[in-house]
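The values are calculated or read from the model by the stated rules, or taken from the named source; none is laboratory data. Quick caveat: nothing in here was measured; it's all calculated off a predicted structure. Cβ coordinates were reconstructed from backbone atoms using ideal geometry, including for glycine residues, and neighbour counts include every protein chain displayed. Accessible surface is based on the protein model in full, side chains and every heavy atom, while ligands, DNA and RNA are left aside. Shrake-Rupley method; radii C 1.70, N 1.55, O 1.52, S 1.80 Å.
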Amino acid sequence: MSTRSKQIANHGVVGASSGYGSIRQKEDFYSTGDGAIERLEEVYTLPKKVWECACGNGALSEQLEKNGHTVYSTELYKRGYGKQGVDFFKQKKMPTGYDCIVTNPPFNQAVDFVLHSLDLVSKKKGIVAMFLKLAFLESQSRYDKLFYDNPPTYLFPFVTRINCYNNDNRKLGGSIMPFAWYVWDNSVKSDAPQIYWI
Ligand SMILES: C[S@@+](CC[C@H](N)C(=O)[O-])C[C@H]1O[C@@H](n2cnc3c(N)ncnc32)[C@H](O)[C@@H]1O
């Protein structure tokens with residue numbers, strides 16, 4: 001077994017559930033609940049300038065700003081926040097002065113969001129931080145398409161859960177599923193993820 005496979009086996013399989021319910025919100029809009037950035041930055045400091053490339057109505061962007069970041073917020077659909085009508089996949093370079101992408105991507109396109117982000121940031125010191133289900137670690141297709149060649153540098157599972165709100169409807173209650181931050185930090189040399197609970 002390779003080092004990487006061993007590492008994945010050791011930290012292994014985490015619970016998979018479908019806490020989003022049976023019908024996913026059209027266009028995959030789930031706003032990120034409070035505390036997601038604060039908890040991450042208790043242990044891992046993001047660069048000052050970050051691009052939130054699927055910002056929805058700004059839930060994560062506002063958390064980032066509250067934590068002192070300068071945030072470039074873009075979104076494909078009209079959700080009343082940031083620069084709208086911007087398809088992330090059509091972006092061919094990072095905004096000037098930025099080398100970090102932070103988002104909670106649409107889950108049904110999450111692998112492509114990570115891959116495109118890794119293409120855009122610098123290979124030497126770029127950072128990609130994605131808020132994703134723990135179950136994103138699983139599956140042959142994700143392993144083949146993403147993790148085999150691009151294991152995250154860090155995995156930050158939440159000790160207590162952070163909610164996600166369907167269509168930002170906070171009255172409906174949040175999702176019941178576990179999330180984690182997956183961080184690719186090109187300034188760090190590693191071939192296996194380090195795990196820190198937050
Ligand atoms: C899971 S929601 C998260 C919203 C926000 N990042 C947050 O954390 O609250 C994913 C967002 O991605 C947007 N989206 C979907 N496809 C996109 C694309 N190709 N480019 C930019 N945004 C996109 C959706 O409209 C939705 O607002």
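Restricted to the stretch 107-133, and to residues there that are in contact with a Lys or Arg (Cβ under 9 Å, 6 or more places away or on another chain) and open to solvent by less than 60 Å² (accessible area, probe 1.4 Å), the residue that is nearest to the ligand (Cβ to nearest atom) is F107. Looking at Y72, Y98, Y77, just one residue is within 23 Å of R170 (Cα to Cα) and either under 19 Å from the mean Cα position of the chain (by Cα) or modelled with pLDDT under 95 (or both), and that residue is Y77.
For the structure I just gave you, tell me whether K49 is modelled with pLDDT of 95 or more and away from the ligand (no atom under 13 Å from the Cβ). The answer is yes for K49.
The residues on offer are P157, P151, and the sole one that is in contact with a Pro (Cβ under 6 Å, 6 or more places away or on another chain) and open to solvent by less than 70 Å² (accessible area, probe 1.4 Å) is P151. Taking every residue in the stretch 37-64 that is in contact (Cβ under 8 Å) with a residue 24 or more places away in the chain and open to solvent by 20 Å² or more (accessible area, probe 1.4 Å) and pairing it with any residue that is of a type in the set (S, T, Y) and away from the ligand (no atom under 14 Å from the Cβ), at least 6 positions away or on another chain, the pairs with Cβ-Cβ distances below 7 Å are V43/Y196; Y44/Y154; K49/T70; K49/Y98.
Scanning the stretch 63-94 for residues that are in a helix (DSSP H, G or I) and within 9 Å of the ligand (Cβ to nearest atom), we see that the one that is farthest from L120 (Cα to Cα) is Q63.
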